[in-house]
Amino acid sequence: MPSKKTQRKVIKQNVGVDAAKDDFKVCFYHMDQTGHKFIKGSRTFKNNLAGFVAFMKWIEKKRVTDLDVRITLEATGVYHENLVHFLDDNGYHVSVILANQSKAYAKSLNLKTKTDKVDAQMLGKMGIERDLPKWQPASAKMRILKQLTRDRVTLLTEKTAITNRLHALNASFEPHKRVIKRINQRLKLMAKQIKEVEKEIAQTVQTDEILKGKVDNICKVKGLGLITVATIIAETNGFVLFTSRGQLISYAGYDVVQRESGTSVKGKTRISKKGNKHIRRALHFPAITIVKYETHFKQLFDRVVDKSGIKMKGYVAVQRKILILIYTLFKKDSSYDPNYHNQKKETEEKANQSCRQDTNPAYSGCLL
């Protein structure tokens with residue numbers, strides 16, 4: 001238990017947490033009245049209920065009594081979710097930040113080493129220095145949507161694996177008829193379950209008039225269906241954490257990185273893929289479809305392919321643009337207008353023409 005002298009001096013305390021599949025690293029930071037920041041303790045806990053309880057007891061032992069303890073985590077993958085809900089249920093002020101926010105902060109500290117321990121320390125210090133917003137749990141509807149959309153992906157993956165196994169078995173020497181029969185029965189069951197899940201997803205969306213209106217507006221884009229849109233909304237919790245397109249792009253792993261060192265290493269640019277894989281998977285097939293029906297997406301695809309010679313890069317660029325479009329329409333609660341880009345282009349051309357005709361040198365509206 002901290003002494004009374006320590007209690008008077010410490011004015012802020014924050015725990016940085018870096019969660020992984022099996023465990024999570026923590027770092028407890030304190031800041032005194034002079035602004036001096038120091039580490040009170042670091043430790044590793046198991047990423048399960050027993051570990052959560054042990055972590056809470058450790059916090060209560062290390063904390064300064066009657067002073068609020070804040071906890072900072074990074075939203076990467078799903079391994080932090082159970083811990084965040086546990087801490088929130090127990091009354092802690094939890095802040096969940098996006099990966100690009102922590103990356104920018106680490107860069108400001110000139111951190112060149114990246115380990116779970118270093119990340120926990122960085123997050124602990126960030127929580128001390130910044131007034132981070134309190135995490136708000138997703139609504140019950142969003143949690144249900146996420147579980148349903150992910151269950152559908154699992155069923156589709158399993159169905160594909162069993163179908164491949166059946167194909168191989170049929171091509172083998174004297175396949176056993178009863179084995180084939182059982183495999184076909186499993187495939188029929190999985191097909192039935194997939195339809196059931198898709199029906200439940202549609203029903204979940206339809207029970208919320210506001211959500212249904214937003215989804216209907218987005219689904220006016222040719223190539224986007226309810227399942228895809230519901231998946232994106234569920235995986236982003238209705239975009240509540242996002243205040244810019246850049247944050248969303250980084251969260252989904254569509255941010256561009258390049259490996260470069262001095263003059264000898266000039267690596268090719270690629271997307272980081274350090275983000276939510278469920279979003280990228282959900283946008284894969286819609287990107288292939290949308291270039292057939294939406295002109296400005298086809299133009300983007302053609303530009304990227306002409307420049308790189310790689311079709312997949314073109315489709316990835318389209319996926320990224322689709323994600324931004326869904327985000328924009330959802331946030332603005334507006335309907336999709338397929339002629340928007342043409343109207344915007346005409347407006348710019350008229351402005352340019354007006355600018356060329358204007359003889360007033362003080363005119364500053366020219367877009368050229």
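Scan the stretch 305-339 residue by residue and report those that are hydrophobic (A, V, I, L, M, F, W, C) and closer than 21 Å to residue 211 by Cβ. Matches in the stretch 305-339: 322, 323, 324, 325, 326, 329, 330.
Yes or no: residue 16 in the same structural domain as residue 123 (by TED's automatic domain parsing), modelled with pLDDT of 95 or more and within 17 Å of residue 96 (Cα to Cα)? Yes: the conditions hold for residue 16. Within the stretch 136-175, the residues that satisfy the criterion of being within 27 Å of residue 230 (Cβ to Cβ) and touching a Leu at 6+ places or on another chain (Cβ under 8 Å) are 141, 159, 162, 163.
So how many residues does the stretch 140-167 have that are touching a residue at least 40 places away in the same chain (Cβ under 8 Å) and of a type outside the set (A, V, I, L, M)?
The first filter runs over the stretch 140-167 and keeps only residues touching a residue at least 40 places away in the same chain (Cβ under 8 Å), leaving 141-142, 144-146, 148-153, 155.
Going one step further and asking which of them are of a type outside the set (A, V, I, L, M), we end up with 141, 146, 149-152.
Total satisfying the criteria: 6.
Consider the stretch 82-119. How many of its residues are assigned to a loop (DSSP other than H, G, I, E, B) and touching a strand residue (DSSP E or B) at 6+ places or on another chain (Cβ under 9 Å)?
3
Those residues that are aliphatic (A, V, I, L, M), surrounded by 16 or more Cβ atoms within 10 Å (Cβ to Cβ) and under 30 Å from the mean Cα position of the chain (by Cα), I need them from the stretch 154-169; list them, please. Listed by number, the list holds a single entry, 155.
The residue that is surrounded by the most Cβ atoms within 10 Å (Cβ to Cβ), among those in the stretch 83-107 that are at pLDDT 90 or above and more than 20 Å from the chain's Cα centre (by Cα), is 87.
Scanning the stretch 193-248 for residues that are farther than 29 Å from residue 273 by Cβ and without any contact (Cβ under 8 Å) to a residue 12 or more places away in the chain turns up 195, 196, 199, 203, 206, 209, 210, 212, 216. Of all residues in the stretch 275-322, exactly one satisfies the criterion of being crowded, with 18+ Cβ neighbours inside 10 Å, among the polar types (S, T, N, Q) and modelled with pLDDT of 95 or more, namely 319.
Has the stretch 182-200 got at least one residue that is under 26 Å from residue 138 (Cβ atoms), at pLDDT 95 or above and under 23 Å from the mean Cα position of the chain (by Cα)? Yes - at least one qualifying residue is present in the stretch 182-200.
Go through the residues of the stretch 3-12 one by one and say whether even a single one is more than 21 Å from residue 250 (Cα to Cα), crowded, with 17+ Cβ neighbours inside 10 Å and touching a strand residue (DSSP E or B) at 6+ places or on another chain (Cβ under 8 Å). Checking the stretch 3-12: at least one residue is more than 21 Å from residue 250 (Cα to Cα), crowded, with 17+ Cβ neighbours inside 10 Å and touching a strand residue (DSSP E or B) at 6+ places or on another chain (Cβ under 8 Å).
When the stretch 128-142 is filtered for residues that are within 21 Å of the chain's Cα centre (by Cα), assigned to a helix (DSSP H, G or I) and at pLDDT 90 or above, the ones remaining, listed by number, are 141, 142. If the condition is being touching a Lys or Arg at 6+ places or on another chain (Cβ under 8 Å) and either among the aliphatic types (A, V, I, L, M) or in a helix (DSSP H, G or I) (or both), then the stretch 184-217 contributes 187, 190, 191, 194, 197, 198, 201, 204, 205, 206, 211.
The values are calculated or read from the model by the stated rules, or taken from the named source; none is laboratory data. Everything numeric in this text was worked out from a predicted model, so none of it was measured. As a convention, Cβ positions derive from the backbone with ideal geometry for all residues, glycine included, and neighbour counts pool all protein chains shown.
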